[in-house]
Amino acid sequence: MTDRDRPWLMRTYSGHSSARASNELYRSNLAKGQTGLSVAFDLPTQTGYDPDDPRARGEVGKVGVPVPHLGEMRTLFEEIPLEEMNTSMTINATAMWLLGLYVALASERGVDPSRLSGTTQNDIVKEYLSRGTYIFGPDASRRLTVDLIAHTVTKIPRWNPINVCPYHLQEAGATPVQELAYGLATAIAVLDAVRDSGQVSPDELPAVVGRISFFVDVGIRFVEETCKMRAFTRMWDRICRERYGVTDEKLRRFRYGVQVNSLGLTESQPENNVPRIVLEMLGVTLSRDARTRALQLPCWNEALGLPRPWDQQWSLRMQQVLAYETDLLEYDDILDGSKVIEAKTAELDDAATAELEWVLDGGGAFAMIDRIKGRLVQSHAERLRRIEAGETTVVGVNRFPETEPSPLVASGGASILVPDPDAERTQVERLERWRADRDPSAVARALDRLRTAAAGTDNLVEPSIDLARAGGTVGEWAGALREVFGEYRAPTGVGAVAGAPAGAMLDVRERVRRAAADLGGPIRLLVAKPGLDGHSNGAEQIAVAARDAGMEVVYQGIRLTPEQIAAAARDEDVDVVGLSILSGSHRDLVPETIRLVRAAGVDAPVVVGGIIPEADRPALAEAGTTRVYTPKDYRLSEIMNDVAQLAIEHRRAAGPCAAGSDAPMGTA
């Protein structure tokens, strides 16, 4: 029989509602042949809030599993042997805390931390640029990252302490060249910081380099994506040799995992997402010398809502068919010697090297966050304009929209997982019992030690593990560090976008110009993101489009409370309030935001955009929402024309004294 390579690790990115429900899902997936775990945490866990914190309202258990303390970590991994499992945690600002819980659980079970294998994502740069679950500023965040890496390289040597994530940059609109450059720039910034920290000796640095891993996105252009991965391996090898003096070839390997592209999944004709996912998978599996070490696939219905276990099984089976039924793993690199592949790889290498030098010349990834963010928002705006103009084909969206009814969605809401509506209440009750049963003096002592270490220069991992063992919570850990480090608001990048409106947007712009002249002032749109959802790409593009349409735009970034949004709507005299939510918390946050907006005396129409299941629309309409936009509404010019009409109607109804008056709009 022909020798076959070992398949990559097969994962599904999952977690929802509660540690108990997620544990059952994990054990079910492992029984179906999944070979590793990829844990999705909910937004309060990711941003350092306990389930009973007012800022966590509506977000608990929505996009992942809530794990605020050691008790929930015990439940999450019940009957799962940590020493045998490769566990990936998509966690960044609170990565040190979640690793602390994992180590504390291992110690309870008598498992030495040196036997643990897995990954903490721990890439805070991409949180500033695209994903939004940061807490602290760049300096403090870099310290947390360095401390975790320095600790694991000696105490948990099989652990990947950072998963540098170009993945989320592509989701934010990055081109392949930008993914290469900005991902590698982040790795360089982190390694330079570790080297300069004094926590790792020169002799240990090659081992640190060897533990750096990456998490990469691949899109539908799988030939170019294959070349991108070959360019990644080539550039990383060069950086390891030339910048860090690593001579061991094994330590220079570009070790990466993948989730194929979610940005391109469509709400319209969602069955087309299945071939998209399969084709994208080829971009990281065809080339043996640049093949992924771990792969997780999204589900066909992610543009509709939360996938069900069956949907995750389907994605797992796609991997298994490729790995076990085809002959892909029987051959050496089938692309070696291809002039086309080599030429494209070299082209990407050259262009990405130039872009990387731009970042390094500017002071590196942390120093260049503002400017990189601007380039990403620009790239995303250009991508959306190409789709709207028909220059980039999206089958079933801007070409071949004719369709038969899909049996996959014929059952309506049954085609997605509906979160347990009582999950948040149950989680709060469990947290209250946890606090009641622990030793408060032990928690207080551990928190004091953490604050003291944070105010000084000691490594923060051991104090974090001690707090986990004492019964502390994620909110207490993050709260103690907030007292020392403060909090941070990342740049939006919207102001850096340059480009003239074209096509249908010119007609909208002219309509808005005439309305401003007739009604005594420009149309004003408030774009706001309530709750803890940090995925700001859509909100940023709405803000750019509204500006292109000639509107005045108020956009203050992510993670605003309903109270802050209501105050902004009042103080900025807006004509339309636009809310963007992708975390599934719309049924809680939208009604509360509208209530407070109306209580502030603002009667401007409220529109909502995001992943909004059809079944939820009546409740949002009853709460006072005027329009709901979802991923199928891809023509930004049509959305802006709609918003302009709402604004004009509102301005006329408010009367001629409203525009430019000192009184808030609509409060005559």
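Values for this structure:
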| read-out | value |
| --- | --- |
| Selection from the stretch 38-53 of residues that are touching a residue at least 60 places away in the same chain (Cβ under 8 Å) and out of contact with any Pro (no Cβ under 8 Å at 6 or more places or on another chain) | SER38, LEU43, GLN46, THR47, GLY48, TYR49, ASP52 |
| Test: residue in the stretch 258-281 that is touching a Ser or Thr at 6+ places or on another chain (Cβ under 6 Å), among the small types (Gly, Ala, Ser) and at negative phi | no |
| Criterion violated by ASN23 - all others in (1) open to solvent by less than 10 Å² (accessible area, probe 1.4 Å); (2) modelled with pLDDT of 95 or more; (3) assigned to a loop (DSSP other than H, G, I, E, B) satisfied | (3) |
| Helices (runs of 4 or more DSSP H) (entirely within the stretch 456-530) containing at least 2 residues that are at pLDDT below 95 and either over 30 Å from ALA389 (Cα atoms) or touching a His at 6+ places or on another chain (Cβ under 8 Å) (or both) | 504-519 |
| Residues that are small (Gly, Ala, Ser) and open to solvent by 60 Å² or more (accessible area, probe 1.4 Å), drawn from the stretch 633-656 | ALA653 |
| Criterion (surrounded by fewer than 16 Cβ atoms within 10 Å (Cβ to Cβ) and in a helix (DSSP H, G or I)) met by exactly one of ASP350, ASP311 | ASP350 |
| Scan of the stretch 6-20 for residues that are in a loop (DSSP other than H, G, I, E, B), open to solvent by 30 Å² or more (accessible area, probe 1.4 Å) and either of a type in the set (Gly, Ala, Ser) or over 22 Å from LEU297 (Cβ atoms) (or both), ordered by number | SER18 |
| Hey, THR345 touching a residue at least 12 places away in the same chain (Cβ under 8 Å), open to solvent by 40 Å² or more (accessible area, probe 1.4 Å) and either of a type in the set (D, E, K, R) or under 30 Å from ALA187 (Cα atoms) (or both) or not | no |
| Hey, TYR182 closer than 22 Å to GLN378 by Cα, within 13 Å of the chain's Cα centre (by Cα) and outside any loop (DSSP other than H, G, I, E, B) or not | no |
| Residues satisfying the stated conditions in the stretch 24-37, i.e. in contact (Cβ under 8 Å) with a residue 60 or more places away in the chain and among the small types (Gly, Ala, Ser) | SER28, GLY33, GLY36 |
| Hits in the stretch 407-435 - residues which are among the polar types (S, T, N, Q) and either under 19 Å from LYS632 (Cβ atoms) or assigned to a loop (DSSP other than H, G, I, E, B) (or both) | SER411, SER415 |
| Conditions (1) β-branched (Val, Ile, Thr); (2) under 30 Å from GLY64 (Cβ atoms); (3) modelled with pLDDT under 95; number of the one not met by ILE565 | (3) |
| Residue check, GLU592 more than 24 Å from ARG131 (Cβ to Cβ) and either aromatic (Phe, Trp, Tyr) or over 26 Å from the mean Cα position of the chain (by Cα) (or both) | no |
| Flag for ALA303 being assigned to a helix (DSSP H, G or I) and not aromatic (Phe, Trp, Tyr) | no |
| Residue list for the stretch 580-612, restricted to those being at pLDDT 95 or above, open to solvent by 30 Å² or more (accessible area, probe 1.4 Å) and in a loop (DSSP other than H, G, I, E, B) | ASP603 |
| Residue in the stretch 257-269 that is without any contact (Cβ under 8 Å) to a residue 60 or more places away in the chain and surrounded by fewer than 19 Cβ atoms within 10 Å (Cβ to Cβ) present | no |
| Which numbered condition ALA231 misses (of (1) farther than 23 Å from PRO161 by Cα; (2) modelled with pLDDT under 95; (3) aliphatic (A, V, I, L, M)) | (2) |
| Single match in HIS151, HIS168 (criterion: within 15 Å of the chain's Cα centre (by Cα) and not aromatic (Phe, Trp, Tyr)) | HIS168 |
| Residues located in the stretch 473-512, provided they are touching a Lys or Arg at 6+ places or on another chain (Cβ under 7 Å) and of a type in the set (Asp, Glu) | GLU483 |
| Within the stretch 379-406, considering residues that are part of a helix (DSSP H, G or I) and open to solvent by less than 30 Å² (accessible area, probe 1.4 Å), the one nearest to ASN301 (Cα to Cα) | ILE387 |
| Flag if ARG317 is out of contact with any Asp or Glu (no Cβ under 7 Å at 6 or more places or on another chain) and buried (at least 20 other Cβ atoms within 10 Å of the Cβ) | no |
| Any chance GLY173 is under 22 Å from GLU487 (Cβ atoms), at pLDDT below 95 and not hydrophobic (A, V, I, L, M, F, W, C) | no |
| Pick from the stretch 527-553, criterion closer than 17 Å to GLU127 by Cβ and hydrophobic (A, V, I, L, M, F, W, C), ranking: surrounded by the most Cβ atoms within 10 Å (Cβ to Cβ) | LEU532 |
| Scan of the stretch 454-483 for residues that are over 21 Å from MET73 (Cα atoms), open to solvent by 20 Å² or more (accessible area, probe 1.4 Å) and touching a residue at least 60 places away in the same chain (Cβ under 8 Å), ordered by number | ASN459, ARG482 |
| Condition broken by ASP3, with the remaining ones in (1) in contact with a Ser or Thr (Cβ under 9 Å, 6 or more places away or on another chain); (2) surrounded by fewer than 16 Cβ atoms within 10 Å (Cβ to Cβ); (3) of a type in the set (D, E, K, R) satisfied | (1) |
| Top-ranked residue of the stretch 407-453 - restricted to ones that are open to solvent by less than 50 Å² (accessible area, probe 1.4 Å), out of contact with any Asp or Glu (no Cβ under 6 Å at 6 or more places or on another chain) and of a type in the set (Gly, Ala, Ser), ranked as nearest to SER141 (Cα to Cα) | ALA453 |
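Condition check ((1) part of a loop (DSSP other than H, G, I, E, B); (2) open to solvent by less than 20 Å² (accessible area, probe 1.4 Å); (3) within 21 Å of SER88 (Cα to Cα); (4) in contact with a strand residue (DSSP E or B) (Cβ under 6 Å, 6 or more places away or on another chain)) across all residues:
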{"site": "VAL153", "(1), (2), (3), (4)": "no, no, yes, no"}
{"site": "PRO157", "(1), (2), (3), (4)": "yes, no, yes, no"}
{"site": "VAL190", "(1), (2), (3), (4)": "no, yes, yes, no"}
{"site": "ASP196", "(1), (2), (3), (4)": "no, no, no, no"}
{"site": "ALA207", "(1), (2), (3), (4)": "no, no, yes, no"}
{"site": "PHE214", "(1), (2), (3), (4)": "no, yes, yes, yes"}
{"site": "ILE220", "(1), (2), (3), (4)": "yes, no, no, no"}
{"site": "CYS227", "(1), (2), (3), (4)": "no, yes, no, no"}
{"site": "ASP237", "(1), (2), (3), (4)": "no, no, no, no"}
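The values are calculated or read from the model by the stated rules, or taken from the named source; none is laboratory data. These numbers were taken from a predicted model, which means no experiment stands behind them. Neighbour counts are summed over all protein chains in view; Cβ atoms, including those assigned to glycine, are modelled from backbone coordinates with ideal geometry. Keep in mind that these areas ignore ligands, DNA and RNA; they rest on the heavy atoms of the full protein, side chains included. Shrake-Rupley method; radii C 1.70, N 1.55, O 1.52, S 1.80 Å.
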